[in-house]
Amino acid sequence: MAAKKTNPRKERFLSNLPTQEFISEISDAKGKLSFSFKYFDGSQKAGQDFKDWNDKQKLELLEKLRDYSREGKLFWLNQRVGGGGLKVLEIYGTFPRNSDFEYPKHVPEKVRWARFRMESAMRLVGFFIDEEQAKEFNLATEIFYIVFLDREHRFYKMEKK
């Protein structure tokens, strides 16, 4: 009986295939945040579009999205930053009254408005689907729909003391 020949190209190809199974990769993503730009609105004067941010700001945004997507919503609701212990993620619920932004007509009602803290005054503003609606329509509650880029903290303005 002859010895089986080896095929170096085949062996090299097989050695470069991923070792992680697809199913385990997907299950690892369960419960982690995802981000959607489906409802993005870069047209309001108070906010910005991507073309209005410099390369450094866009890079910081992408790095934050990568970092935020490694954990779930509850994790970021409990993470504190800054000297005052401010939250990374704040869920406001309703659209704030004291805002320089207007409620976009293309965003559904009964969403839970929220923001992610970025660098200094920069905020990423959007919403989560209401828990009841998510159950009723079998929607994911871990998707943050990004609506505004808020470089100057004008979405939820704090009153000056």
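The values are calculated or read from the model by the stated rules, or taken from the named source; none is laboratory data. These numbers were taken from a predicted model, which means no experiment stands behind them. FYI the Cβ positions are ideal-geometry reconstructions off the backbone, even for glycines, and counts take in every protein chain you see. What goes into the accessible areas is simple: the full protein's heavy atoms, side chains included, and nothing from ligands, DNA or RNA. Shrake-Rupley method; radii C 1.70, N 1.55, O 1.52, S 1.80 Å.
Observations on the model:
- Residue within the stretch 19-34 that is under 24 Å from Ser99 (Cβ atoms), under 19 Å from the mean Cα position of the chain (by Cα) and either open to solvent by less than 100 Å² (accessible area, probe 1.4 Å) or at pLDDT below 95 (or both) present: yes
A quick yes/no check of all residues on (1) touching a Phe, Trp or Tyr at 6+ places or on another chain (Cβ under 8 Å); (2) of a type in the set (A, V, I, L, M):
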| position | (1), (2) |
| --- | --- |
| Val88 | yes, yes |
| Arg97 | no, no |
| Asp100 | yes, no |
| Pro104 | yes, no |
| Ala114 | yes, yes |
| Leu124 | yes, yes |
| Ile143 | yes, yes |
| Ile146 | yes, yes |
| Met158 | no, yes |
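- Segments classed as strands (runs of 3 or more DSSP E), wholly inside the stretch 86-137, with at least 3 members that are aliphatic (A, V, I, L, M) and open to solvent by less than 70 Å² (accessible area, probe 1.4 Å): 123-129
- Whichever residue in the stretch 138-161 is of a type in the set (A, V, I, L, M, F, W, C) and at pLDDT below 90 and, among such residues, is most open to solvent (accessible area, probe 1.4 Å): Met158
- For Thr141: the one exception among (1) touching a residue at least 60 places away in the same chain (Cβ under 8 Å); (2) under 23 Å from Gln48 (Cβ atoms); (3) in contact with a strand residue (DSSP E or B) (Cβ under 7 Å, 6 or more places away or on another chain): (2)
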